[in-house]
Amino acid sequence: MHRDEQLQGEMFATANVNGTKVLIYEQALKWVLEKQRVEEGKNLNPEITKLEPEDLEILLAEAGLCVVQSGGEYAAIKMIEDRLVEQGYNELQVLIEEARKDKQEDGLKNALAAFYLKSAAKAENSVEFFHKSFGEFLCAKRMAESLEYFTEKTGKRRKTYTVPDKDLEWQIYDLFGYGSLTAEVVEYLMALLVKSEVDLLVLFERLHGFYLKWSDGEFIEDTKKTLPLEKAKQLEQWDIQSGQRRVDIYTGLNVMILLFELHRYGQSQEELREELHFHPCGEHGSEDFEATRLLRIISYSECLGNADFADIVGNFLTNADFRGAYLATVILCGATLIDANLRDANLSNADFRDADLTCTDLNDAQLIHANFSGAELTGAELTGADLSGANLDAILIYANLINANLINADLSDATLSGADLSGADLSGAYLSSTDLSEIKWNNQTNWSNTIGLHEAREVPEDLQQNPAFAAAVAQSRAASQEQE
């Protein structure tokens, strides 16, 4: 492709990493379809496969989706055939029917074999991509096309959606009810949506409407026809074991991932910052807002096993807004948000009592007046976090609190053993009975006006000799005596 000048530097001048990947894969797909088998200037693919490039592209995208939905390694030929027939692709349906008349075991194998797919070693009559990332890109392309279709309108005044709500709800389950979205597929998907200039506000609005219904249990509790059951039955016919509860949870969490990603993109665009804004508890301050909504979702997802919410959604929480979310419960204790990425998240007034936030990334997060009483924050990253007024009666062993704002934070009885407080502002913080053993600090650490500092435990000897710290201890003792 480089030799034929299909890849040129100017193409990537304004693209980010994911945009660059998409550009390369799109050119690769075009080359595979049009240039890979050329003889005397003629594209031989239509003769070999009996399909035009447009139909081949549809076929490959569906194969990519099927491989991902089957577990990411391979997909049954029958699954690809069935999905194409259900969607009414006439040319492909004719190819399949003709192949079956000839009693060929796998009607699409000749068409697929030319495009970096091979027979799967682990399963008969199945195919897999030579390059997994190429299959993931094709899956993302298939998803992006459906999501773009959700935003289209029809009618004289262009006010009616081409895909009505009922159809949209099934298509969402069909696309996302198989398992969890991977970071790679999400990266390709977002880059494709942005590149195609999809109306992200309309897409957000429709996905958000689905999300609110799902989080209220409307789909799983439908007594007439449950979409999760329909998807589970569909997967079962292709020997993909699931169940309607698993389908329902995965679908909802995957939609959450897309909403978090749209929110993150919106926060990077000044003109979209207010409108493209996702709060998992509903729009903050509106009638839809329920402080316990996120808690219910986390509890529901635990049906799949320990820490499933964190495993599935945790890496997509960058820049998330959790203001006012109520998260205090023993359900969180143990594994729920371990290793979650909450960088830059707004968690002001959030309640994390007894939550396990081990190794969670909370760098630069807004945690004003958050309640962490009894929480486990061992190894957590809190560089630059605003914890002013927060209740931190928690375990913060080896936590990274560099440059953290701890003004007026309640650290009474907290365990800060080994924590890094370099540059942290602790003015006005409550430190009575706080364990300060082996902490790290520097001359920028602000201890002034702290309350109860003279009652802190296990203070390192070199810190005791520090003039600024010693002065803060004396001030704390004098204030306590005056109060008595």
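The values are calculated or read from the model by the stated rules, or taken from the named source; none is laboratory data. In this text the structure is predicted, and so the values were computed from the model without any measurement. Glycine gets a Cβ as well: all are built from the backbone with ideal geometry, and neighbour counts include every protein chain shown. Heavy atoms of the whole protein, side chains included, go into the accessibility calculation; ligands, DNA and RNA do not. Shrake-Rupley method; radii C 1.70, N 1.55, O 1.52, S 1.80 Å.
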(message) Can you say whether Asp364 is in a loop (DSSP other than H, G, I, E, B), within 18 Å of Gly452 (Cα to Cα) and either touching a residue at least 40 places away in the same chain (Cβ under 8 Å) or open to solvent by 30 Å² or more (accessible area, probe 1.4 Å) (or both), as far as the supplied structure shows?
(response) no
(message) Residues that are in contact with a helix residue (DSSP H, G or I) (Cβ under 9 Å, 6 or more places away or on another chain), closer than 20 Å to Glu128 by Cα and open to solvent by less than 70 Å² (accessible area, probe 1.4 Å): does the stretch 4-18 have at least one?
(response) no
(request) Tell me which residues, restricted to the stretch 207-222, are assigned to a loop (DSSP other than H, G, I, E, B) and in contact with a Gly (Cβ under 7 Å, 6 or more places away or on another chain). (result) none
(request) Please work out if Leu189 is open to solvent by less than 10 Å² (accessible area, probe 1.4 Å), modelled with pLDDT of 90 or more and more than 25 Å from Gln93 (Cβ to Cβ). (result) yes
(message) Restricting to the stretch 252-311, name every residue that is under 30 Å from Leu192 (Cα atoms), free of Cβ contacts under 8 Å to residues at least 40 places away in the same chain and in contact with a Leu (Cβ under 9 Å, 6 or more places away or on another chain).
(response) Gln269, Leu294, Ile298, Ala310
(request) Of the conditions (1) at pLDDT below 80; (2) among the hydrophobic types (A, V, I, L, M, F, W, C); (3) open to solvent by 50 Å² or more (accessible area, probe 1.4 Å); (4) assigned to a helix (DSSP H, G or I), Met1 clears all except one; give me its number. (result) (4)
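Counting just the residues of the stretch 148-162 that are in a loop (DSSP other than H, G, I, E, B) and either open to solvent by 90 Å² or more (accessible area, probe 1.4 Å) or among the charged types (D, E, K, R) (or both), which one comes out farthest from Phe210 (Cα to Cα)?
Ranking the candidates gives Lys156 first.
For the stretch 411-426, what are the residues that are charged (D, E, K, R) and either at negative phi or surrounded by 24 or more Cβ atoms within 10 Å (Cβ to Cβ) (or both)?
Listed by number, the residues that qualify are Asp420, Asp425.
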(message) Among the listed residues Asn319, Asn405, identify the single one that is touching a strand residue (DSSP E or B) at 6+ places or on another chain (Cβ under 6 Å) and either crowded, with 21+ Cβ neighbours inside 10 Å or at pLDDT 75 or above (or both).
(response) Asn405
(message) Against the definition (closer than 30 Å to Glu124 by Cα and either among the hydroxyl-bearing types (Ser, Thr, Tyr) or under 18 Å from the mean Cα position of the chain (by Cα) (or both)), how does Asp239 come out, yes or no?
(response) no
(request) Filter the stretch 35-71 down to residues that are farther than 12 Å from Leu92 by Cβ and either within 35 Å of the chain's Cα centre (by Cα) or outside any helix (DSSP H, G or I) (or both), then give me how many there are. (result) 19
(message) Please verify whether Ile48 is modelled with pLDDT under 75, among the aliphatic types (A, V, I, L, M) and touching a helix residue (DSSP H, G or I) at 6+ places or on another chain (Cβ under 9 Å), treating the condition exactly as stated.
(response) yes
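Each row is one residue, and each column tells you yes or no for (1) touching a strand residue (DSSP E or B) at 6+ places or on another chain (Cβ under 8 Å); (2) at pLDDT below 90; (3) not β-branched (Val, Ile, Thr).
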| site | (1), (2), (3) |
| --- | --- |
| Gly266 | no, no, yes |
| Glu271 | no, yes, yes |
| Ser286 | no, yes, yes |
| Glu302 | no, yes, yes |
| Gly305 | no, yes, yes |
| Ala325 | yes, yes, yes |
| Thr329 | no, yes, no |
(request) Pull up the stretch 431-484, narrow it to residues that are part of a helix (DSSP H, G or I) and polar (S, T, N, Q), then point me to the one that is most open to solvent (accessible area, probe 1.4 Å). (result) Gln483
